[in-house]
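To keep things clear, I will list the structure first and then write my remarks on it.
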Amino acid sequence: MSTADTTPLWLPDSDLVGSDLADDDRAFARRIRAFAEAKLAPHARAIDEQRAFRRAMVDELAAEGILGGPLPTAAGGAGWSPLRLAIAHEELGAVCGNARGFCAVQTGLVTQCLFKNGDDAQRARWLGPLMRGAAIGCFGLTEPEAGSDVASLQTRAERHRDGGWVLRGQKHWITNGGVADVMLLFATVDPALGGKGITAFLVELPAAGVTRTPMPGVELGHRGSDHAVITIDGLRVGDDAVVGPIGKGFGIALNGLAAGRLSVAAGAVGIHRAALAAAVAFTTGRQQFGQPLAKFQMVQERLADMLTELCASRALVHRCARRRADGSETHADVAMAKLYATEAAARATEQAVMLHGARGYSSEFPVERLWRDIQALRIYEGTSMIQRTILARMLADG
Ligand SMILES: Cc1cc2nc3c(=O)[nH]c(=O)nc-3n(C[C@H](O)[C@H](O)[C@H](O)COP(=O)(O)OP(=O)(O)OC[C@H]3O[C@@H](n4cnc5c(N)ncnc54)[C@H](O)[C@@H]3O)c2cc1C
């Protein structure tokens, strides 16, 4: 009987069913998979059980070129196409939700937002260290009273009489928050302006006036990630900390999140694939009533549905990536990809737990971790309900 350490997290040779990758993209997928298998898989279970952020993982991701992957080569990145980004995040997601989540924040939200919106000095100071893994970034948007309704955030940025800004407020659920060297922080210069008052600031950490504490409670999944409450009380920053124009931070945040949703959707495809692979391995090995579980039609029905939804998810994710590459992507494309891929993966992980019987209920096998990890992908970077509101608004507005 397989255990979590030996259960395959991919489907031999049929794992790319439903994708129509060119040979070089397929080779790229195999390279990232080999990296994930060698460097991430040996720690995926332990960091979850120990609730430990593994700093060495950052160096390994950087050494493989993953942290600079999506940035143009002129900026020191690897110039990945959006499709390659999706491929990489599927491979990382299949093996370690913590590593994929780290990359989504470090590269998807912080590095890319900074590349698109930062000035020359901000880019020169931070892009290199972020891509080399010498610095860790975090994205400080969510507040205790402002989650889905981002425009209602209350963290204040006030002009100081001697110049620069004074910041006050609280952020929570900030991935990498406790270990970050730099935070992209969203604050309002005037709450009465709603979204039009929101401004982005770049804050080097640690800093006087910033207190970081772990999130209270124990997370359901992503337990090898760092999630922090960040309290800001009288933090002084200069005018050179402002990213983009004053009052344009809402657009920077929303565009960053919309771009980042592709990695979340791709990560969900990876989790889905791993759940299916584990379910196939288990049900073909375990015998009950004199035959392998996979010979029973009710089990076959579940495996067939998981495979079909996996291919549909991946097709939506790759379609979105290709539209991003040719400039025709809309917010609806990525909303559909994230909504469908995360919800389908949630269904798949639930079936995988069920198909393992009592073994699915134990951390000895990987499926309970996959089930726990996928829940967060349905919540962050816009919940499934918020994706539906984006799509419904698009339908109503024509
Ligand atoms: C593991 C993890 C990592 C995270 N990392 C970060 C990070 O790095 N940086 C950061 O800034 N944030 C981060 N977050 C926070 C995340 O972005 C928010 O949790 C998310 O936006 C939802 O906000 P909320 O939790 O306040 O829920 P709420 O907005 O209070 O929503 C609660 C429920 O109400 C529903 N709801 C809300 N509005 C509507 C509506 N208009 N229509 C229908 N239903 C609605 C939601 O779908 C949800 O089901 C992280 C969260 C998690 C779980």
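The values are calculated or read from the model by the stated rules, or taken from the named source; none is laboratory data. Predicted, not measured: the structure shown is a model, and the values here were computed from it. Glycine also receives a Cβ, built like all others from the backbone with ideal geometry; neighbour counts cover every protein chain displayed. These area figures cover heavy atoms from the full protein model, side chains too; ligands, DNA and RNA do not enter into them. Shrake-Rupley method; radii C 1.70, N 1.55, O 1.52, S 1.80 Å.
Some values worked out for this structure:
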quantity	calculated
Distance-filtered residues of region 221-242 - backbone nitrogen under 17 Å, label point 7 angstrom along E158 Cα→Cβ	232-238
Residues with amide H under 5 Å from that of G164, placed H, sequence gap 5 or more	D239
Accessible carbon and sulfur surface of region 57-210 relative to its total accessible area, %, 1.4 Å	49
The chain: relative contact order as a whole-number percent, Cα under 8 Å and 6+ apart	19
Span from the region 254-317 Cα centroid across to the region 327-349 one, whole angstrom	15
Kyte-Doolittle mean at least -0.5 and Cα axial length at least 24 Å: DSSP H helices in the chain	249-285, 297-326, 331-355
Under 27 Å from the Cα of K171 - lysines, other chains or at least 8 residues apart	K116, K196, K248, K338
Mean separation of Cα contacts under 8 Å (6+ apart) over length of region 150-272, as relative contact order %	31
Per residue accessible area in Å² of the chain, where ligands, DNA and RNA are left out and the probe is 1.4 Å	42
W173 accessible area, 1.4 Å probe, all protein chains in place, Å² to nearest 10	130
Distance histogram in 10 Å bins (all Cα pairs of the chain, percent per bin)	5, 24, 32, 24, 11, 3, 1, 0, 0
Gap separating the Cα centres of region 198-251 and region 54-69, nearest whole Å	22
